[in-house]
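First the structure, in the form of structure tokens, and then the observations on it.
The values are calculated or read from the model by the stated rules, or taken from the named source; none is laboratory data. Just so we're clear, the structure is a prediction, and the values are computed from it rather than from any experiment. Every residue, glycine as well, gets a Cβ built from its backbone with ideal geometry; the counts of neighbours run over all protein chains shown.
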Amino acid sequence: MKAMLVLGKIVTAFAWLMMLYNLVSPFAGNIAVILNILFAMTIFMHCFQTLIFHTMFKPLLPLKKSDYLQVFLFGVFSLLQYRKQVMDKQVQNG
């Protein structure tokens, strides 16, 4: 599972880099428009996932700004990582 999370974060980071590069130096043709739309959708979805993260995990874990940033950047892969932390903590406590 850990390898899949790391692989997912790598792929997500590559996607972010491609979308940000497209803002600085747009690709030719329709791909630039598609990447801009995808960039906007990604920002919206990752903001939503950060809100979910705050709602679900704030009572369960001490959260720092870096935790929120990680969820914003890597989305569901970070959510799964924090979910595992909570589950491991509950197993230890109970």
Can you find a residue in the range 25-42 that is closer than 28 Å to residue 86 by Cα and either at pLDDT 95 or above or assigned to a helix (DSSP H, G or I) (or both)? yes
Within the range 16-43, considering residues that are under 17 Å from the mean Cα position of the chain (by Cα) and surrounded by 14 or more Cβ atoms within 10 Å (Cβ to Cβ), the one nearest to residue 79 (Cα to Cα): 42
It is to be established whether one or more residues within the range 80-87 are of a type in the set (Lys, Arg) and outside any loop (DSSP other than H, G, I, E, B). yes
Filter pass, residue 63 being in a loop (DSSP other than H, G, I, E, B) and surrounded by 12 or more Cβ atoms within 10 Å (Cβ to Cβ): yes
Regarding the range 44-59, can at least one residue be identified that is surrounded by 14 or more Cβ atoms within 10 Å (Cβ to Cβ) and either in contact with a Ser or Thr (Cβ under 7 Å, 6 or more places away or on another chain) or polar (S, T, N, Q) (or both)? yes
For the structure I just gave you, tell me whether residue 55 is under 13 Å from the mean Cα position of the chain (by Cα) and without any contact (Cβ under 8 Å) to a residue 40 or more places away in the chain. no
Which residue pairs have Cβ atoms closer than 8 Å, lie 6 or more positions apart in sequence or on different chains, and pair a first residue in the range 6-28 that is in contact (Cβ under 8 Å) with a residue 40 or more places away in the chain with a second residue that is β-branched (Val, Ile, Thr)? 8/76; 16/42
